[in-house]
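Structure below; questions to follow.
The values are calculated or read from the model by the stated rules, or taken from the named source; none is laboratory data. Source: prediction; values computed, not measured. Virtual Cβ from ideal backbone geometry, glycine too; neighbours counted across all protein chains shown. Ligands, DNA and RNA are stripped out before the accessible areas are found, and what is left, the full protein with its side chains, is counted by its heavy atoms. Shrake-Rupley method; radii C 1.70, N 1.55, O 1.52, S 1.80 Å.
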Amino acid sequence: MAKYMLLIFGDAAAWETLTPAERQALEAAHADFRAAAGPRLRGGEELESPSVATTLRARVDGELLLTDGPFLETKEGLGGFYLLEAGDLDEVVKLAGMLPEVRAGHSGVEIRPVVDHG
Amino acid sequence: MSDDVVAAVAQAHRREWAQVLATTVRECGDLSLAEECAQSAFERALTVWPASGVPARPGAWLTQVARNLARDELRRRAAFRQRLPLLVTSAVAPGVDAGLDDDRLRLIFTCCHPALAREAQAALTLRLVCGLSTAEVARAFLVSEPTMAARLTRAKKKIATARIPYRSPAPEDLGARVGVVLEVVQLIFTTGHSAPDGPDLLRHDLLDRALDLGRLLHLLMPGDPDVGAQLALMLLVSARSAARVDGAGRLLLLSEQDRSLWDADAIAQGVALLVASLRRSPAPGRFALQAAIAAVHAEAPSWTATDWGEVVRLYDLLLAGWPSPVVALNRAVALGMRDGPSAGLAALEPLSCSPALAAYPYLSAARADFLCQAGRWVDAAMAYEEALALTSNEVERRFLLERLSSVRS
């Protein structure tokens with residue numbers, strides 16, 4: 001078994017302008033995904049908009065530097081994540097294919113294997 | 001060393017490499033280790049066979065040696081408490097068709113996994129399934145050897161760390177997965193059929209490897225209509241190879257080719273495969289339609305006596321299901337052959353706005369040909385100059401230069 005991070009990227013503006021009915025459909029689809037994943041689901045959250053992100057770096061002299069905004073200033077940002085445990089990539093692809101963000105047009109799901117330190 | 005042994009090893013490499021590697025991968029679960037061990041097994045054959053004689057079943061001998069080497073290495077690694085191999089799931093997944101329970105198919109489906117980029121799929125397939133050296137794969141795709149080595153390493157690393165499974169797909173995924181494999185084989189074939197750069201128009205090494213792959217797939221999945229159609233397409237197109245370039249290395253168009261040089265056996269095989277594929281599948285796929293077009297050409301007594309109505313009809317079907325600017329271009333050419341040069345020019349007209357065709361030399365060349373037929377020599381010369389500016393293949397350049405000088409006079 002191996003762990004995979006599912007990173008849900010998309011256009012924050014599109015997410016913020018969902019109608020209540022669309023929002024409800026989105027949440028129902030996520031509930032279906034979580035039910036299908038069952039015990040393979042190891043965690044996951046929806047994130048607030050990238051516009052309220054704070055990025056932390058240090059200057060050469062070691063002083064902390066805070067920047068208002070996400071690390072990558074792109075139109076599409078990280079909207080949420082899941083941590084899954086699965087046997088192989090095909091199993092993850094099959095589950096992640098249920099996520100509504102895969103078909104929304106402005107968004108997509110990046111699958112990243114988690115480093116196994118075991 | 002006797003030439004016989006060298007030839008026997010070369011033949012075994014061509015025929016058995018995929019089986020030797022594929023079995024070793026399943027046993028040791030590590031693609032890179034299996035690759036090294038398969039390589040070593042063939043090297044060992046070169047030193048052992050001269051004394052022992054060529055074994056009755058060279059493939060079994062080579063597989064045994066590769067497996068033993070892999071086992072020894074795994075034991076050594078375990079002793080040094082090194083990390084265990086990462087590659088996973090060698091067992092037959094539940095639901096996989098028993099007919100697909102073949103190590104070579106597992107290897108092919110792993111190399112052509114949709115999570116890998118197309119160029120990585122093709123490079124891996126040539127290296128791991130066909131057994132080409134990294135240098136040979138680099139030459140096939142016109143990149144340097146270090147670049148190709150890095151590309152192969154990255155792809156193998158992704159298979160291991162993302163855990164791309166070593167198995168044949170489940171029935172519900174089979175169609176799509178076979179489609180990817182066929183795209184890869186077709187890419188290798190077209191790369192060999194029209195080298196984009198360099199002195200030779202044809203790369204027979206690549207054509208032969210693509211045909212080998214097609215035959216292997218057909219052997220392993222005889223009932224798959226798309227596999228049969230793609231092999232038919234390759235056979236029908238490559239049947240014309242000997243007639244495509246003249247003695248001086250000049251490219252010959254279909255209309256100029258000496259049809260007696262076409263390989264009648266390959267055409268017969270291709271047509272038979274196509275007929276069988278069409279019988280199996282009520283809705284012909286992309287490869288079946290392309291093969292059908294190639295078959296119409298293959299069976300036509302001459303260029304002018306070609307059934308252009310049928311060619312246009314087949315291109316219409318192809319365009320409806322798989323629209324692409326290049327297919328639209330070919331359809332326009334066939335339409336011009338059916339209805340005359342002005343109809344051809346009219347059909348080409350809207351395509352000149354397509355950004356995908358903006359740098360495509362065949363569009364200008366096709367326009368030039370119809371302008372010639374219409375007697376518009378000045379316009380034709382300009383169109384040939386345009387095509388020349390866009391092509392870098394030396395054989396094709398020479399061909400276009402010749403056409404240009406003939407319209408100027």
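Which members of the stretch B:250-295 meet the condition of being surrounded by fewer than 18 Cβ atoms within 10 Å (Cβ to Cβ) and hydroxyl-bearing (Ser, Thr, Tyr)?
Passing the criteria: B:Ser255, B:Ser260, B:Ser281.
Evaluate the stretch B:368-380: report whether one residue or more is out of contact with any helix residue (DSSP H, G or I) (no Cβ under 7 Å at 6 or more places or on another chain) and more than 23 Å from B:Arg408 (Cα to Cα).
Step one: of the stretch B:368-380, the residues out of contact with any helix residue (DSSP H, G or I) (no Cβ under 7 Å at 6 or more places or on another chain) are B:369, B:375-376, B:378.
Now restrict to residues that are more than 23 Å from B:Arg408 (Cα to Cα): none.
Checked against the condition, which is being out of contact with any helix residue (DSSP H, G or I) (no Cβ under 7 Å at 6 or more places or on another chain) and more than 23 Å from B:Arg408 (Cα to Cα), the stretch B:368-380 yields no hits at all.
Under 7 Å by Cβ, and 6 or more places apart or on different chains, what pairs join a residue from the stretch B:299-326 that is over 18 Å from B:Gly340 (Cβ atoms) with one that is open to solvent by 50 Å² or more (accessible area, probe 1.4 Å) and of a type in the set (Asp, Glu)?
Listed by first residue and then by second, the contacts come to B:Ala300/B:Asp307.
For the stretch B:37-55, indicate whether the set of residues that are among the charged types (D, E, K, R), open to solvent by 40 Å² or more (accessible area, probe 1.4 Å) and under 25 Å from A:His117 (Cα atoms) is non-empty.
Looking through the stretch B:37-55, none of the residues is among the charged types (D, E, K, R), open to solvent by 40 Å² or more (accessible area, probe 1.4 Å) and under 25 Å from A:His117 (Cα atoms).
So, one more: Looking at the stretch A:43-51, can you tell me whether even one residue there is open to solvent by 60 Å² or more (accessible area, probe 1.4 Å), more than 22 Å from B:Ala170 (Cβ to Cβ), modelled with pLDDT under 95 and in contact with a strand residue (DSSP E or B) (Cβ under 7 Å, 6 or more places away or on another chain)?
no
Conditions tested, residue by residue: (1) in a helix (DSSP H, G or I); (2) within 25 Å of B:Val311 (Cβ to Cβ); (3) without any contact (Cβ under 8 Å) to a residue 60 or more places away in the chain.
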position: B:Asn330; (1), (2), (3): yes, yes, yes
position: B:Val333; (1), (2), (3): yes, yes, yes
position: B:Met337; (1), (2), (3): yes, yes, yes
position: B:Ala347; (1), (2), (3): yes, yes, yes
position: B:Ser364; (1), (2), (3): yes, yes, yes
position: B:Arg367; (1), (2), (3): yes, yes, yes
position: B:Asp379; (1), (2), (3): yes, no, yes
position: B:Tyr384; (1), (2), (3): yes, yes, yes
position: B:Phe399; (1), (2), (3): yes, yes, no
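Turning to a different aspect of this structure: When both residues are 6+ apart or on different chains and their Cβ atoms are under 8 Å apart, which pairs have a first residue that lies in the stretch A:103-116 and is at the interface with another protein chain (Cβ under 10 Å from one of its Cβ atoms), and a second that is assigned to a loop (DSSP other than H, G, I, E, B)?
Listed pairs, sorted by first residue: A:Ile111/B:Ala162; A:Pro113/B:Ala162; A:Pro113/B:Arg163.
Right, next: Of these, B:Pro146, B:Pro199, which one is modelled with pLDDT under 95 and of a type outside the set (Asp, Glu)?
Values: B:Pro146 fails: modelled with pLDDT under 95.
Residue meeting the stated conditions: B:Pro199.
Would you mind stating whether B:Val296 is closer than 27 Å to B:Gln373 by Cβ and touching a His at 6+ places or on another chain (Cβ under 8 Å)? Steps first, please.
Working: closer than 27 Å to B:Gln373 by Cβ: yes; touching a His at 6+ places or on another chain (Cβ under 8 Å): no.
Considered against the rule, which asks whether it is closer than 27 Å to B:Gln373 by Cβ and touching a His at 6+ places or on another chain (Cβ under 8 Å), B:Val296 comes out as no.
Give me the pairs: first residue in the stretch B:58-71 and on the phi < 0 side of the Ramachandran plot, second residue surrounded by fewer than 21 Cβ atoms within 10 Å (Cβ to Cβ), beta-carbon distance under 6 Å, and six or more apart or on different chains, which are they?
These pairs meet every condition: B:Gly59/B:Gln19; B:Trp61/B:Pro55; B:Val65/B:Arg44; B:Arg67/B:Glu27; B:Leu69/B:Ser40; B:Ala70/B:Leu33.
Which residue, of B:Ser392, B:Ser409, B:Ser342, B:Ser364, is modelled with pLDDT of 85 or more, polar (S, T, N, Q) and surrounded by fewer than 15 Cβ atoms within 10 Å (Cβ to Cβ)?
B:Ser342
Take the residues in the stretch B:1-43 that are within 27 Å of the chain's Cα centre (by Cα) and hydroxyl-bearing (Ser, Thr, Tyr); name whichever of them is nearest to B:Ile108 (Cα to Cα).
B:Thr23
Any residue at all in the stretch B:213-234 that's among the acidic types (Asp, Glu), at pLDDT 90 or above and over 24 Å from B:Leu31 (Cα atoms)?
Of the stretch B:213-234, the ones among the acidic types (Asp, Glu) are B:224, B:226.
Filter again for at pLDDT 90 or above, leaving B:224, B:226.
Filter once more, so that each one left must be over 24 Å from B:Leu31 (Cα atoms): B:224, B:226.
Scanning the stretch B:213-234 turns up at least one residue that is among the acidic types (Asp, Glu), at pLDDT 90 or above and over 24 Å from B:Leu31 (Cα atoms).
Which count do you get for residues in the stretch B:148-173 that are of a type in the set (Val, Ile, Thr), crowded, with 22+ Cβ neighbours inside 10 Å and more than 8 Å from every other protein chain (Cβ to nearest Cβ)? Steps first, please.
Of the residues in the stretch B:148-173, the ones of a type in the set (Val, Ile, Thr) are B:153, B:159, B:161, B:164.
Add one more test, that the residue is crowded, with 22+ Cβ neighbours inside 10 Å, and what stays is B:159, B:164.
Checking which are more than 8 Å from every other protein chain (Cβ to nearest Cβ) leaves us with B:159.
Number of matching residues: 1.
Filter the stretch A:62-102 down to the residues that are open to solvent by 80 Å² or more (accessible area, probe 1.4 Å) and within 11 Å of chain B (Cβ to nearest Cβ) and list them by number.
Within the stretch A:62-102, A:Lys94 is the sole residue that qualifies.
Right, here's the next one. With the condition kept exactly as written, say whether any residue in the stretch B:142-151 is in contact (Cβ under 8 Å) with a residue 12 or more places away in the chain and among the β-branched types (Val, Ile, Thr). Spell out the reasoning first.
In the first step, residues of the stretch B:142-151 are kept if they are in contact (Cβ under 8 Å) with a residue 12 or more places away in the chain; the result is B:142, B:148-149, B:151.
Keeping just the survivors that are among the β-branched types (Val, Ile, Thr) gives none.
Checked the stretch B:142-151: no residue is in contact (Cβ under 8 Å) with a residue 12 or more places away in the chain and among the β-branched types (Val, Ile, Thr).
Which of the helices (runs of 4 or more DSSP H) found entirely inside the stretch B:184-292 contain at least 2 residues meeting this: among the aliphatic types (A, V, I, L, M) and free of Cβ contacts under 8 Å to residues at least 12 places away in the same chain? Working first, answer last.
Numbers: elements: B:204-220, B:225-238, B:241-244, B:264-280.
Of the helices (runs of 4 or more DSSP H) lying wholly inside the stretch B:184-292, those with at least 2 residues that are among the aliphatic types (A, V, I, L, M) and free of Cβ contacts under 8 Å to residues at least 12 places away in the same chain span B:264-280.
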